[in-house]
Amino acid sequence: MRSDLIHTPIQSDTKRKYGHGFSRKNATYMTSKTVKSLTSFFLLEGVPLVIFFTLFAYTREFSFAVLGLVCATFIATAISLVLHKRIPYFTLIAASTTTLAGLLTYLSNNPNILIFRDTLYYTIFGAAIFFMQKNNRLPLKAMFENIFAITNEGWKELCRRWGLFLILAGILNLLIGLALPLSYWVFYKSVLILIFLLFGSYQLTLTKKYAQEDANSLGLRQ
């Protein structure tokens with residue numbers, strides 16, 4: 001039998017699928033741990049806001065919508081805890097402050113409580129991660145290192161971008177909440193999660209640029 005006709009099926013399939021320059025870094029799959037982390041984030045941050053906006057849109061009762069937000073946040077947190085056996089500190093702070101501010105808003109019928117909560121949450125957290133990276137402290141790395149495998153230079157740039165973005169989100173939250181009708185703020189709060197997703201998706205161009213050798217082509221851990 002001619003030796004040039006002998007080949008391994010794996011090598012042949014790989015070349016047909018990826019070409020001769022195939023490497024693990026060309027793949028874009030994610031580990032189950034990464035998928036769980038992203039799912040937990042969307043469950044805790046996205047679902048309660050969708051419920052909040054839907055209730056307000058159909059009832060025009062702000063207090064009722066806030067009560068739905070509080071209940072949805074509590075349930076989503078409980079589900080995440082059962083599924084993953086733990087809740088990241090960042091997520092726990094977000095859920096607990098939302099629940100507390102929501103309850104105070106519902107009991108007092110004062111929407112400014114929830115508005116100021118969001119403003120303080122975004123601006124304080126944004127300022128913290130922005131100024132911490134100037135001292136070579138990388139809080140986003142501590143929180144999301146299980147998802148992304150990028151260099152410290154990449155983490156610093158990610159902190160700068162998210163820091164400025166969160167500060168801007170906090171300032172806009174205050175201006176819209178105080179200067180415009182309440183319905184405009186509800187809309188802003190609800191679509192902000194979509195803005196977060198779009199901005200976060202764009203950061204994949206950064207994680208791709210600073211990806212380590214053990215990451216996939218988007219800088220995600222394999």
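Values quoted throughout were computed directly from the atomic coordinates according to the rules given, and no laboratory measurement underlies them. Owing to the predicted nature of the structure, the values given are computational and were not obtained by experimental measurement. Note that we place each Cβ from the backbone using ideal geometry, even for glycine, and neighbour counts take in every protein chain shown.
With closer than 30 Å to Thr59 by Cβ and surrounded by 14 or more Cβ atoms within 10 Å (Cβ to Cβ) as the only criterion, which of Thr207, Thr99 stands out?
Selected residue: Thr99, the only one of Thr207, Thr99 that is closer than 30 Å to Thr59 by Cβ and surrounded by 14 or more Cβ atoms within 10 Å (Cβ to Cβ).
Check off (1) in contact with a helix residue (DSSP H, G or I) (Cβ under 7 Å, 6 or more places away or on another chain); (2) within 16 Å of Leu49 (Cβ to Cβ) for Gln222 and give me the number that stays unchecked.
(2)
Out of region 69-124, which residues are under 15 Å from Leu182 (Cβ atoms) and not in a helix (DSSP H, G or I)?
Those that are under 15 Å from Leu182 (Cβ atoms) and not in a helix (DSSP H, G or I): Asn109, Asn110, Pro111.
Does at least one position in region 100-110 carry a residue that is of a type in the set (Ser, Thr, Tyr) and touching a helix residue (DSSP H, G or I) at 6+ places or on another chain (Cβ under 7 Å)?
Looking through region 100-110, at least one residue is of a type in the set (Ser, Thr, Tyr) and touching a helix residue (DSSP H, G or I) at 6+ places or on another chain (Cβ under 7 Å).
Any residue at all in region 110-123 that is loosely packed, with under 15 Cβ neighbours inside 10 Å and hydroxyl-bearing (Ser, Thr, Tyr)?
Within region 110-123, none of the residues are loosely packed, with under 15 Cβ neighbours inside 10 Å and hydroxyl-bearing (Ser, Thr, Tyr).
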